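S.K.: Let me begin by handing over the structure; questions about it come next.
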Amino acid sequence: QKTNLNQTTYIFKSKLADIPINNTIPLHTYSFQKLPQISHHPCLITSSGKTYTYGDTHRASRNFAVGLFNLGIRKGDVIMILLPNSPEFVFSFWAASMLGAVSTIANPSYNSAEITKQLKATKSKIVVTRAMHVHKLKQEEENTFIVITVDNPPENCMSFSVVSRTEGTLPEVDINPDDAVTLPFSSGTTGSPKGVVLTHRSLITNMAQLVVGENPNLHMKEDDVVLCVLPLFHIYALYCVMLCSTRVGCRVLLMEKYEMRALLELVEKQRVSVVMAVPLLVAAFSKNPEVEEYDLSSIRMVMSGGAPLAKDINGAFRSRFPQAILRQALGMTESGPVIAMSLGFAKYPMATKLESCGSVVRNAKMKIIDPLTGSSLPYNTSGEICIRGQQIMKGYLNDEKASAEAIDEEGWLHTGDIGYVDNNDEIFIVDRLKELIKFKGFQVESSTIVQRTSKGGSRYEV
Ligand code: 4UU
């Protein structure tokens, strides 16, 4: 708390002490720091049971990086990953990072216009995808790219495995901590989707804020099996499942699409212990009758994020998963992404409320402001949530105006979420200032909804 021109500024901090963060090294170096010790540990498991160890994953990523280099990809170049959850998604992400290049992630079910917009905005030079999506990729004179498919390549496309087998060595690249490493797209508080520049420094900082230190806020362990059913092309799974798991050294179970029975079978078979979920999945776990048919006793932790959790879920969840803790996290693509996380997930857990979306992460500052006057507000008073720290985005890609609207001169990111902090330092979201449209916890473009519903498809309840 400090006094500024007779006006009190209320700053909220984590109950966990700040920790030193080694955020000036490249993201892949930080993430794979334990590689020498854990190279034989499983890292990725597909739904068909194929397993890649940490060694395999690192090697496959490196091989693809060499292939990309041979195709002319250099530091700062952008590749688009247009894939469902799959090992190749993971290899492509790390390959780009290793080259000092940047990956932009996109939903493979986007239509041609949406993909083209993102390709143009990012000037992507490579698209990694599946043959079935190639027809949606439009080459234009001012924007040409090479298409690599992970399955049999159609005409004029290259094969992922062939590219990964080309000879050569990984070049030495000088990566600056403030270089972009990934470009997810988000509408933010207004307007159409924009590229969110996340750097090596921002993602390392956010990883450390959650899974590093004597008492990590999110206690994941080497023997955890983490379910990855949320799509890796959205920041929640990319960051919270893939990046955090890699740093911790646990295994990630990759599911391509959400289908409840297949999911339950896999959770039972692979003894999944950690589930990163959106409220829809928490509701399915708590209420769907088929859940009763499976042994899900391996689950010890369920995180809900992306959208508000229904208030009536606790009883149903508790009776089915008495051994597991269900709590929330608050994330936003622009904030790198985690703003708040329940301290119930900490190594030394604290008592927290299910209705809260967590407490501000360590090594960060949060304030709640009156959206009209900008003055900061004390405990138990609702206003716009603002967050500051090295984890937040550098800005929007090539959009200074939108960047300046999102991050003020003092470095505060204005989230567009309205909430308050209670006496136990827990955050409660009560409303949203922004026009963001979310479906099942994920952003959708308003044009997409109109288009899909007007074709007579099922109506989206947003
Ligand atoms: C009420 O949804 C996300 C990121 C979610 C995330 C990431 C890492 C959750 C946990 C994690 O570990 O990003 P966006 O950019 O798609 O949407 C951001 C918006 C927020 O501003 C807020 O309005 O989604 C909403 N939101 C929530 N709302 C996110 N989490 C919550 C929540 N309760 N728990």
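The values are calculated or read from the model by the stated rules, or taken from the named source; none is laboratory data. Computed from a prediction, not measured in an experiment: that's the story for all the values here. Cβ coordinates were reconstructed from backbone atoms using ideal geometry, including for glycine residues, and neighbour counts include every protein chain displayed. The protein model used for the area step is the full one, side chains on, heavy atoms only, and it has no ligands, DNA or RNA in it. Shrake-Rupley method; radii C 1.70, N 1.55, O 1.52, S 1.80 Å.
S.K.: At 1.4 Å probe size, with every protein chain present, just tell me what the per residue accessible area of the chain comes to in Å².
M.R.: I get 42 Å² per residue for this part.
S.K.: So, one more: Under a point-charge model restricted to the Cβ atoms of Lys and Arg (+1) and Asp and Glu (-1), what is the dipole moment magnitude of the chain relative to its Cα centre, in debye to the nearest 20?
M.R.: Dipole magnitude for the chain comes out near 440 debye.
S.K.: Now a separate question. Which ³J(HN,Hα) values, rounded to whole Hz and listed in residue order, are derived for segment 184-201 from phi using the Karplus coefficients 6.51, -1.76 and 1.60 in 6.51 cos²θ - 1.76 cosθ + 1.60 with θ = phi - 60°, glycine and proline given as x?
M.R.: x, 9, 8, 7, x, 8, 9, x, 8, x, 10, x, 9, 7, 9, 9, 4, 5
S.K.: Can I ask one more? What does the charge dipole of segment 281-350 about its Cα centre add up to, to the nearest 20 debye, if the Cβ of each Lys and Arg holds +1 and the Cβ of each Asp and Glu holds -1?
M.R.: So the magnitude is around 300 debye.
S.K.: Sequence-distant or interchain residues sharing an amide H contact under 5 Å with V147, placed H: which?
M.R.: V127, M158
S.K.: Please report the spacing between the Cα centers of segment 215-249 and segment 137-190 in Å, no decimals.
M.R.: 23 Å
S.K.: Looking at L99, T116, P42, which one has the Cα that reaches farthest to the positive end of the dipole of the chain (charges on Cβ: Lys, Arg +1; Asp, Glu -1)?
M.R.: P42
S.K.: Step through the residues of segment 292-306 one at a time and calculate ³J(HN,Hα) from phi using the Karplus curve (6.51 cos²θ - 1.76 cosθ + 1.60, θ = phi - 60°), rounding each to whole Hz and writing x for Gly and Pro.
M.R.: 4, 7, 10, 8, 10, 5, 6, 6, 10, 8, 10, 9, 10, x, x
S.K.: Which trypsin sites (Lys or Arg not before Pro) does segment 1-63 hold that lie in a coil by DSSP with at most 11 other beta carbons within 10 Å?
M.R.: Working: sites: K2, K13, K15, K34, K50, R59, R62; in loops: K13, K15, K34, K50.
Passing both the DSSP loop test and the Cβ count: K50.
S.K.: Out of residues 5 or more away from L326 or on other chains, whose amide H comes under 5 Å of its own, with H placed 1.01 Å from N in the peptide plane?
M.R.: V302
S.K.: Evaluate the charge dipole of segment 226-318 about its Cα centre and quote only its size in Debye, nearest 20, assuming +1 on the Cβ of each Lys and Arg and -1 on the Cβ of each Asp and Glu.
M.R.: 380 debye
S.K.: To continue, here is another question. Give the shape of segment 345-428 as rounded, prolate or oblate, defined through the alpha-carbon gyration tensor: a ≥ b ≥ c are the square roots of its eigenvalues, a/c under 1.5 means rounded, and otherwise the shape is prolate if a/b is larger than b/c and oblate if not.
M.R.: Here segment 345-428 falls in the oblate category.
S.K.: Follow-up. If you roll a 1.4 Å probe over the chain with all protein chains in place, what percent of the accessible area is carbon or sulfur?
M.R.: 50 percent
S.K.: Then there's this: Restricting to Cα pairs below 8 Å that are 6+ residues apart, what does the relative contact order work out to for segment 188-322? Please round to a whole percent.
M.R.: 20 percent
S.K.: Can you sort H135, H28 by solvent-accessible area, 1.4 Å probe, largest first?
M.R.: Final ranking, largest accessible area leading: H135, H28.
S.K.: With θ set to phi - 60° and the Karplus curve 6.51 cos²θ - 1.76 cosθ + 1.60, what are the ³J(HN,Hα) couplings of segment 155-163 in order, to the nearest whole Hz, using x for Gly and Pro?
M.R.: Those phi angles translate into 3, 6, 10, 10, 9, 4, 6, 5, 4 Hz.
S.K.: Over the chain, what is the relative contact order in percent, taking alpha-carbon pairs closer than 8 angstrom and at least six residues apart?
M.R.: Working: 1013 pairs, mean separation 73.3, N = 462.
Worked out over the chain, it gives 16 percent.
S.K.: What is the distance in Å between the Cα centroid of segment 297-376 and that of segment 37-73?
M.R.: After rounding, the separation between the Cα centres reads 32 Å.
S.K.: Can I ask one more? Per DSSP H run of n ≥ 4, the term is -39500 (n - 2.57); total these for the chain, divide by its residue number, and report the mean residue ellipticity at 222 nm rounded to 500 deg cm²/dmol.
M.R.: The helix-only estimate for the chain comes to -7000 deg cm²/dmol at 222 nm.
S.K.: Between T104 and residues 5 or more places away or on another chain, which pairs have amide H atoms under 5 Å apart, with H built 1.01 Å from N, and which residues are they?
M.R.: Here I79, M80, I81, L183 satisfy the definition.
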